[in-house]
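Before any comments, here is the structure.
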Amino acid sequence: MKRGPMPARWLVKTEPSTYAFADLVRGGATTWDGVSNALALIHLRTMVKGDTVLVYHSGAEKSVVGLARVSVGPRPDPKQSDPKLVVVDLEPIAAARAPLSLTMIKAEGSCRELGLVRMSRLSVMPVPEKAWEFIVRKSGLPTT
């Protein structure tokens, strides 16, 4: 898939009891691994250094809680023997000043094409421009 000159925008989901955005902030960077869904892996393979990523806490929180950047693009997961499994490295940019709930995202018309609304189980997804603008504005994240 050919990409334009602008960095792409993504959303990744994580269960905060396993790995929270605060863990990313504390560590300064992480290798985003553990993705096995075929469509989510396609999205991971499309990421490049500099892309921005919304971090969403699943489980009880169900909110966008932070913003990160891809610091190292996709490569085979070094912990797995299957070459189809890939990882990227993320670095934190900022925590949301006001975490944005899934309920608020679903209520916003500009977010109806967002995978989080249409395919709630998908763990890595692109974010359409209008949805990105709404989420960033409402959650108080920087407009990188």
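Once you place label points 7 Å from the Cα toward the Cβ at Ser17 and Ser110, how far apart are they in nm?
About 3.5 nm separates the two model spin labels.
Tally the DSSP beta bridges in region 1-129 and give the antiparallel ones as a percent, rounded to 5.
Percent antiparallel among DSSP bridges in region 1-129 is about 80.
Taking K and R as +1 and D and E as -1, what net charge do the other residues with C-beta under 15 Å from the C-beta of Gly27 add up to?
Neighbourhood net charge equals -2.
On the accessible surface of region 5-144, probed at 1.4 Å, how many percent belong to carbon and sulfur atoms?
The nonpolar share, carbon plus sulfur, comes to 54 percent.
With axes computed from alpha carbons, what is the tilt in degrees of helix 129-139 against the longest principal axis of the chain, rounded to the nearest 10 within 0 to 90?
In the chain, helix 129-139 runs at an angle near 70 degrees to the longest axis.
If I stretch the segment between Arg97 and Thr144 completely, what's the gain in nm (0.36 nm per residue apart, minus their alpha carbon distance), one decimal?
Full extension from Arg97 to Thr144 adds 15.4 nm.
Among residues other than Leu90 whose Cβ falls under 10 Å from its Cβ, what is the net charge (Lys/Arg +1, Asp/Glu -1)?
With Lys, Arg at +1 and Asp, Glu at -1, the neighbours total -2.
To the nearest 500 deg cm²/dmol, what mean residue ellipticity at 222 nm is calculated for the chain from DSSP H runs of n ≥ 4 alone, each contributing -39,500 (n - 2.57), summed and divided by the residues?
-6500 deg cm²/dmol
Place a point 7 Å from the Cα of Val25 along the Cα-to-Cβ direction; which residues of region 34-70 have their backbone N under 11 Å from it?
65-67
Please get the size of the charge dipole for the chain, origin at its Cα centre, with Cβ charges of +1 on Lys and Arg and -1 on Asp and Glu, quoted in debye to the nearest 20.
340 debye
Please work out how much length the chain gains when fully extended from Ala60 to Val48, using 0.36 nm per residue of separation minus the C-alpha to C-alpha distance, in nm with one decimal.
Length difference between fully extended and current span is 1.3 nm.
Using DSSP to call loops (not H, G, I, E or B), can you name the trypsin sites (Lys or Arg not before Pro) in region 1-106 whose Cβ has at most 11 other Cβ atoms within 10 angstrom?
Lys2, Arg3, Lys79, Lys84
The values are calculated or read from the model by the stated rules, or taken from the named source; none is laboratory data. Quick caveat: nothing in here was measured; it's all calculated off a predicted structure. Positions of Cβ are generated from backbone atoms using ideal geometry, with glycine treated the same way; all protein chains shown enter the neighbour counts. The area values use the complete protein model at the heavy-atom level, side chains included, leaving out ligands, DNA and RNA. Shrake-Rupley method; radii C 1.70, N 1.55, O 1.52, S 1.80 Å.
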